[in-house]
1. Output the peptides 384-390, 254-260, 242-248 sorted from most to least packed, where packing is the average of other Cβ atoms within 10 Å over each peptide's residues.
2. Could you give the dipole magnitude of the chain about its Cα centre, charging the beta-carbon of Lys and Arg +1 and that of Asp and Glu -1, in debye to the nearest 20?
3. Please list, or write none, the aspartates and glutamates whose alpha carbon is within less than 13 Å of the alpha carbon of K449, excluding same-chain residues fewer than 8 places away.
4. Over the stretch 229-339, how many percent of alpha carbon pairs lie in each 10 Å bin up to the one with the longest distance?
5. Each residue of the stretch 92-103 in order: what ³J(HN,Hα) in whole Hz does its phi give by Karplus 6.51 cos²θ - 1.76 cosθ + 1.60, θ = phi - 60°, with x for Gly and Pro?
6. Taking K and R as +1 and D and E as -1, what net charge do the other residues with C-beta under 12 Å from the C-beta of F283 add up to?
7. My understanding is that a pair violates if its Cα-Cα distance is over 30 Å; which of K308/K477; K388/K477; K115/K477; K305/K455 do that in this structure?
8. Just checking my list (1) 4, 14, 18, 17, 13, 10, 8, 7, 5, 3, 1, 0; (2) 4, 17, 26, 25, 18, 8, 2, 0; (3) 4, 15, 19, 15, 10, 9, 10, 9, 7, 3, 1, 0 against P(r) over Cα pairs in 10 Å bins from 0, in percent computed from this structure; which label fits?
Amino acid sequence: MTAPDAIHELIAKFDQHGQEYQTRKNETELRREFLDPFFQALGWDVFNKKSKSERFKEVLHEASVEVEGKAKAADYAFRVGDKTMFFVEAKKPSVNIGENPEPAFQLRRYGWSAKLPVSILTDFEQLAVYECKTKPSKKDKASFGRIKLYHYSDYVEKWDQIAAIFSREAVLEGAFDQFAESAKGKRGTAQVDDAFLEEIERWRDMLARNFALRNPSIRNERELNYAVQLTIDRIIFLRICEDRGIEPEDQLHNIGNGEQVYAELVALFRRADTRYNSGLFHFMEEKDQSSNPDTLTPDLQIDDKVLKDILKNLYYPESPYVFTYLSADILGQVYEQFLGKVIRLTAGGRAKVEEKPEVRKAGGVYYTPTYIVNYIVENTVGKLVEGKTPKQVANLRLLDPACGSGSFLLGAYQFLLDWHDDWYTNNNPEKWAKGKQPAIYQAAGDDWKLTTAEKKRILLNNIYGVDIDTQAVEVTKLSLL
């Protein structure tokens, strides 16, 4: 494939004004003047001229928001259908991406957290392709995990190579998948779900031992398991909310840097109770709440050292995770394995984590793959909603009678969210954006999105789950929340 005229023009433009760009151009200008047309030349609908709905746009643009110098999401996500294939992270031309390890670490954290095999880092002057299967470390050099590095002067000569992997046509025809499969990470390195499972299992062990040591009032294993899991669930939920802009930035980090850490955490959990009104944070008797309030965990004692360890490792640069990209599906897979073990109390009152007998007997824990969940949901829920209105769909009740960590309920809920979004968007959207309880609102880029209230209505009205394992029920609630 010959490089198109647009690429020749971009190179000539950069040749002519390269020095000026090095000192004056910021990242937003770089994206608009160089990167947007570069990826258009690769066949991507960068500006959604096909007018696809939000979840089916080929290219998602993230606002270039930085908090204390740390960006919160990749600049571009390139997708086929609703599946992200790779990220592109842009840097202003003054950043030497060939030598500076910081941008590479940032990109690899994004890709690794989202379970993407490869992604791109570029300032147009250079374009680096990184494998993202290897767990990133702040100690890695810029060259670590880098598969290819192109200089802008190579774009014409090597256009065939670039287009054969990253053009929209190459992605649709499977060439990108073949390339990604060949870009293997180092042997023995953990994917994000394996690594996160190892991390929260470490938390469980530390919390269980310290709760048991400092709280003789804990009477049985049920209470100990309850206290440990609720603490982990609450921290994970609030940390994800931070990265998604729902909670104040660095609040858990700041608590971890102070004293009386658990008391400060409990105060934060109580504030979250008034904000989210969910079973995850439930400390007071409420008329419409079926579960009992948590009267156990607020009065427990735990050493600061344990919580400081946990909270410190949730943040850059110690943390390799970007919680924006830790999807509910990834969390579900992690928790399915996590729930295969339980905390026991020894005769001496010490905590010990061991595999559940039923898991040991079954030879391990098995998680239903996402593609199977999607297939079943589309052929059950999908058939039930055909030709219906939201008012009619409100009469549906979807029950998983053995929900585990919630894979089917998550799939069904996401399907209903997408279906409602499409229905409102295609049926006089302005009408549904009015009144005291609007179902949708117009977001940036003129896209219509479901309001939080409408998402909550669908969840509470349509989705039901039951399981013999109370911990599994709590995990499902966390993931749906």
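1. Sorting 384-390, 254-260, 242-248 by mean packing, highest first, produces 242-248, 254-260, 384-390.
2. Rounded to the nearest 20 debye, it is 940 debye.
3. E54, D418, D421, D422, E430
4. It works out to 12, 43, 37, 7, 0, in whole percents.
5. Taking θ as phi minus 60°, the curve returns 5, x, 6, 8, 7, 6, x, 10, 7, x, 4, x Hz for the stretch 92-103.
6. -2
7. Violating the 30 Å limit, Cα to Cα: K305/K455.
8. Given (1) 4, 14, 18, 17, 13, 10, 8, 7, 5, 3, 1, 0; (2) 4, 17, 26, 25, 18, 8, 2, 0; (3) 4, 15, 19, 15, 10, 9, 10, 9, 7, 3, 1, 0, the calculated one carries the label (2).
Coordinate-derived values only; no laboratory data. These numbers were taken from a predicted model, which means no experiment stands behind them. With ideal geometry, Cβ positions are generated from the backbone for all residues, glycine too; neighbour counts draw on all protein chains shown.
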